[in-house]
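Beneath this line is the structure, given in C-alpha cells, with notes to follow.
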Amino acid sequence: MAENAKEYEKKEMSMAQRQIYILSLLSENPKGYTVEEIRARLNDWNVTVSTRTIKRDMEELSTDYAICEDERNGKSYFYSDKYTLKNIDLTMQDLVALAFAKNVLGEYDHLLMGKNAIEFIDKVVHESVALNQYQFKDLCQQIQLPATKGGNDDIVSQEIERTIQTAIDNKNKIEIEYYSYSSDETTKRVIHPYRLILLDSYLNVEAYCELRKEIRRFRLSRIESADVLDEHFEEIKQTQGDTFMSLSGTVVEDLELIFTGDSIRYVKEYEKTRARLLSNTEEGLYFYRRTAITADVISWVRGFGAEVKVKKPVWLAEQLKNEAKQILEKY
C-alpha cells in the first residue's frame, strides 16, 4: 500500500500530461481500450503507472468529459467521442486569427513546440468544412509578416527539447553538458529546469544551476547532452522583470547608456521596457538598468555601434573602446 502511494506521488506531478494522453487514446479508437491496454500504451510512452492509478485518472476525467464504458467478453472497454475535432464551425474572424498565428509561428518551426503548434492549427482547419480550408489557404498567403532577427537558424535538438519539457513537467533535475560562448568551454552541470523562454527567437531554459548557485538561462542549441535524473526539486521563487537583463551572471551592476541619432527613436519604440529609467537629456536618450552584464547584454549594446555611449560600468566602456581601436587598426 505504501509502495503504491509512493509511486503515485512520484507521478502526480505529470498527472495533467498523463490524463491528456489517456483522453487522446480514448478518442482515437471507437472500440475503446481496457485499463490494461491503456497501461501498456502508457508504458510504451515511458510512463509506468499502476492500473489503480489509471482507474483513478478515469474517475477524475469522467467528471468533465463524456467517457463511456462497454462490457464485452467479460472485459470493460472505455472510450470517448467528445474529445475529437469534428465539423468545427469556423468564422472568417477565426480563420484570419488562425492564419495570423500560423504565420507568426513560422519563425519557430525549427523548434519542436513551434512545429507541433503549426501542425495543430492545420489539424483544426482540416477538421472544418472544405470551404474554410480553401479560405484558410488564401489567408495564409495574404497575411505577410516582416522578417525578424532571431534564432530560426539555431539548431535545436528535438530530443533535448523534449527531454527538458518532460523534466519541467515532472520537476526532475537534469544533468547537462553546456557550451558557454563567453568562456568557449563545455562544462557538465546539474540544473533545475523551471520554464522555457524565447529570447529574440532563441529558445532558452530558465533554471537554477547547482554549479553557479544561481538562476540562469541556457540556450538549448548550446546544450550538447541532457539526462533526466531521479532527483526532484522545488522552484526557488524569484521575482524577475525582463529576462534579457536579469538572470545570468554573478555580478549585478549599474548599466548607464546614452543613445543618439536614429537609435533614440528605435529604443523608445522597441526597447523601452528594458529600461528602469529612460529620459531625454542634452547628450541624448539616457538609459538606466541595474543588471548582470552578460554576453547577451554586451552584444545588444554593441549592436548600436556609434549611436550608443556607455557611461557605466567603466570596464564595459573600456572594452568597447578597445574593440573599436582594434577594428580601426585593421583598416
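The values are calculated or read from the model by the stated rules, or taken from the named source; none is laboratory data. Just so you know, these numbers come straight off a predicted model, no measurement behind them. A quick note on method: Cβ atoms are made from the backbone with ideal geometry, for glycine too, and the neighbour counts reach across all protein chains shown. Surface areas here come from the heavy atoms of the whole protein model, side chains and all, with no ligands, DNA or RNA. Shrake-Rupley method; radii C 1.70, N 1.55, O 1.52, S 1.80 Å.
So for segment 65-74 (the condition being among the aliphatic types (A, V, I, L, M) and exposed (fewer than 14 other Cβ atoms within 10 Å of the Cβ)), does at least one residue qualify? Yes, segment 65-74 contains at least one residue that is among the aliphatic types (A, V, I, L, M) and exposed (fewer than 14 other Cβ atoms within 10 Å of the Cβ). Restricting SER14, SER27 to residues that are more than 22 Å from ASP230 (Cβ to Cβ), at pLDDT below 80 and in a helix (DSSP H, G or I) narrows the list to SER27.
Here segment 18-48 is the region considered, the condition is being more than 27 Å from the chain's Cα centre (by Cα) and hydrophobic (A, V, I, L, M, F, W, C), and the residue that is surrounded by the most Cβ atoms within 10 Å (Cβ to Cβ) is LEU26. Against the condition surrounded by 14 or more Cβ atoms within 10 Å (Cβ to Cβ) and modelled with pLDDT of 90 or more, how does ALA317 come out, does it pass? Yes. So, of the residues in segment 259-289 that are among the aliphatic types (A, V, I, L, M) and under 14 Å from VAL301 (Cβ atoms), which turns out to be surrounded by the most Cβ atoms within 10 Å (Cβ to Cβ)? The residue in question is LEU285. Looking for whichever is of a type in the set (D, E, K, R), under 28 Å from ASN204 (Cβ atoms) and out of contact with any Gly (no Cβ under 9 Å at 6 or more places or on another chain) here; the options are LYS330, LYS268. Which one fits? Criteria check complete, one pass: LYS268.
Of the residues ARG52, ARG41, ARG56, which is in a helix (DSSP H, G or I) and modelled with pLDDT under 85? Selected residue: ARG41, the only one of ARG52, ARG41, ARG56 that is in a helix (DSSP H, G or I) and modelled with pLDDT under 85.
Identification of strands (runs of 3 or more DSSP E) wholly contained in segment 144-241 with 1 or more residues that are open to solvent by less than 80 Å² (accessible area, probe 1.4 Å), modelled with pLDDT under 90 and touching a Lys or Arg at 6+ places or on another chain (Cβ under 6 Å) yields 202-209.
Has segment 313-329 got any residue that is closer than 22 Å to LEU198 by Cβ and without any contact (Cβ under 8 Å) to a residue 24 or more places away in the chain? No; the residues of segment 313-329 include none that is closer than 22 Å to LEU198 by Cβ and without any contact (Cβ under 8 Å) to a residue 24 or more places away in the chain. Condition check for ASN116 on (1) open to solvent by 60 Å² or more (accessible area, probe 1.4 Å); (2) closer than 30 Å to ARG212 by Cα; (3) out of contact with any Lys or Arg (no Cβ under 7 Å at 6 or more places or on another chain): one failure, at (2).
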